[in-house]
Amino acid sequence: MIGKMNGEFSKRLNLAARLFEAKGKQYMAAYLRSSQRRIEKIEGGAPYAVCTYYFPSEIAAALNLEFLYIEKVVGLAMGVGIIRRGSIARQPEAVCSYQQAFCNLLDMGILPKPKVILGVPFPCRDAISLCRFLHSRHAIPFFEVKSATMARDFQHVVQSLSAQLGYRESLPHVLALSAQATALKKEVDTYRRRYPGIIESEDCMNLFTIENDFGLPSAVTVLQELLRNVRSRVPLYQEPAYKILWMGLVPLYDSSFLKKVEQTVGGSIVMEEMWLYDHRPIGYQHFYDDLAHRIRQSFFYSLGRRQNVIHKTAERMKVSAVVNFLQHQCSFLPRTAKSFSERFVQANIPYVVLGCDVIHGPVPEWIWGQLKRLHRREYHGSSENGEHPVTHHG
């Protein structure tokens, strides 16, 4: 077991950043460096807030405390091996294994107790259950944002915490940085759609939580480096013959999982559902209303909107297949999987539903069997012989 509060987490993030620098992936190194600096401050005693995924990063960036997003910090911790599959206690039982992993970070002393909890009940109720559990167990103040009163609740959070802690940055400055990051993300997306597969999918799945840094200088730096890398790849670009759209998540205990998928299938993953978010502009004058509106217009807020974006992306990028990889302990993603099938059948795009527990594991062997069927092009949904794409739930 890792020793309590010995700085091991930040040390491993530093090592990982150096490895990416040696590979010439400055965007990944910058992403890890920003997380390393934050973890170092928290290890040193700086107060921090723990946030659910959709708590607005612009609020967190403006307030005078550090902040950690549950899914992001768990991904980082497993990525650098500070916690490992097989050693994570399945407590509390009633929540997703992402939340269980975060509890382990606290229980093992890898992270100190947060000063405050900030939660939005979207899209995953398990995250709110964890927030309530931590509030009850550790007596940590918990600000729960309600769906019906989001704007008012965001304002209450800012007024309460700024009165206690003050501001780190002015809100206009934070909003300018957020707008800059949004513009860079859109430019990266333009290249990704024009040149499918130009970025390694593995990197995009590691980087999609940069969304939680919008409003900080680090998000701008990371996306500038990513855009520079993408532009440098254009002269030698070759379009892959078999293109895959990846929905859902990946096992966090296997850093090369997506490369193995591509090798097994004989194709390239050209877009990821988790990368498809689109930040809407936030104004200073109507800051809280704009934040609430952005959440209600976001990708995962409405199943119909999510379906529309996924299907349009698949058709515009002319993908050869769609793989939906489910987190089995998730209270949100698995129940929506079947709803995507009909339009993919109509478009003759193979749609394969796979999944396992992405924290506890392992990846079952049947998953590789299904991917080999894609390699043999047995999931072709061809109208020529009447065969349709097959969905498979493990």
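The values are calculated or read from the model by the stated rules, or taken from the named source; none is laboratory data. These numbers were taken from a predicted model, which means no experiment stands behind them. Cβ coordinates were reconstructed from backbone atoms using ideal geometry, including for glycine residues, and neighbour counts include every protein chain displayed.
Determine whether the range 116-123 contains at least one residue that is modelled with pLDDT of 95 or more and within 23 Å of Asn6 (Cα to Cα). Yes: one or more hits. Summed over the range 270-311, residues that are of a type in the set (Phe, Trp, Tyr) and in contact with a Cys (Cβ under 7 Å, 6 or more places away or on another chain) total 1.
Only one entry in Ser162, Ser201 is hydroxyl-bearing (Ser, Thr, Tyr) and farther than 20 Å from Ile269 by Cα, namely Ser162.
Taking the criterion of being surrounded by fewer than 19 Cβ atoms within 10 Å (Cβ to Cβ), over 19 Å from Phe154 (Cβ atoms) and either within 20 Å of the chain's Cα centre (by Cα) or of a type in the set (Val, Ile, Thr) (or both), the residues of the range 278-307 that qualify are Asp278, Phe299, Ser302, Leu303, Arg305, Gln307. Inspection of the range 177-198 identifies no residue that is in a loop (DSSP other than H, G, I, E, B), farther than 21 Å from Glu315 by Cβ and among the charged types (D, E, K, R).
At least 3 residues that are under 27 Å from Phe102 (Cβ atoms) in each: list the helices (runs of 4 or more DSSP H) lying fully within the range 237-331 that qualify. Steps first, answer last, please.
Values: elements: 257-265, 287-296, 303-316.
The helices (runs of 4 or more DSSP H) meeting that bar are 257-265, 287-296.
In the range 40-66, the qualifying residues are those that are free of Cβ contacts under 8 Å to residues at least 40 places away in the same chain and touching a strand residue (DSSP E or B) at 6+ places or on another chain (Cβ under 9 Å), and the one that is farthest from Asn6 (Cα to Cα) is Glu66. For the range 181-204: of the residues being out of contact with any Phe, Trp or Tyr (no Cβ under 9 Å at 6 or more places or on another chain), more than 28 Å from Ser256 (Cβ to Cβ) and in contact (Cβ under 8 Å) with a residue 40 or more places away in the chain, which is surrounded by the most Cβ atoms within 10 Å (Cβ to Cβ)? The extreme case among them is Glu187.
If you go through the range 112-122 one residue at a time, how many are buried (at least 22 other Cβ atoms within 10 Å of the Cβ) and assigned to a loop (DSSP other than H, G, I, E, B)?
As a first pass, look at the range 112-122 and keep what is buried (at least 22 other Cβ atoms within 10 Å of the Cβ): 114, 116-120.
If we keep only those that are assigned to a loop (DSSP other than H, G, I, E, B) as well, we get 114, 120.
Number satisfying all stated conditions: 2.
Residue check: His173 meets all listed conditions (1) surrounded by 16 or more Cβ atoms within 10 Å (Cβ to Cβ); (2) part of a helix (DSSP H, G or I); (3) more than 20 Å from the chain's Cα centre (by Cα); (4) not charged (D, E, K, R) but one, namely (1). Just the residues that are crowded, with 16+ Cβ neighbours inside 10 Å, under 18 Å from Ile83 (Cβ atoms) and not basic (Lys, Arg), please, taken from the range 15-39. Listed by number, the residues that qualify are Ala16, Leu32, Ser35, Gln36, Ile39.
Would you point out which residue out of Glu93, Glu71, Glu66, Glu58 is of a type outside the set (Ser, Thr, Tyr), more than 18 Å from the chain's Cα centre (by Cα) and buried (at least 18 other Cβ atoms within 10 Å of the Cβ)?
Working: Glu93 fails: buried (at least 18 other Cβ atoms within 10 Å of the Cβ); Glu71 fails: more than 18 Å from the chain's Cα centre (by Cα); Glu58 fails: more than 18 Å from the chain's Cα centre (by Cα).
Exactly one residue qualifies, and that residue is Glu66.
Please work out if Ala337 is assigned to a helix (DSSP H, G or I), under 26 Å from Thr264 (Cα atoms) and either of a type in the set (S, T, N, Q) or at pLDDT below 95 (or both). Criteria met by Ala337.
Leu76 meets each of the listed conditions (1) in contact with a strand residue (DSSP E or B) (Cβ under 9 Å, 6 or more places away or on another chain); (2) under 19 Å from Phe208 (Cα atoms) apart from (1). Condition check for Leu354 on (1) in contact with a Lys or Arg (Cβ under 9 Å, 6 or more places away or on another chain); (2) in a strand (DSSP E or B): one failure, at (1). So which residues in the range 135-169 are in a helix (DSSP H, G or I), without any contact (Cβ under 8 Å) to a residue 12 or more places away in the chain and small (Gly, Ala, Ser), if there are any at all? Within the range 135-169, Ser136, Ala148, Ala163 qualify.
Within the range 304-360, which residues are among the small types (Gly, Ala, Ser) and in contact (Cβ under 8 Å) with a residue 24 or more places away in the chain? Listed by number, the residues that qualify are Ala314, Ser320, Ala321, Ser331, Ala337, Ser339, Ser341, Ala347, Gly355.
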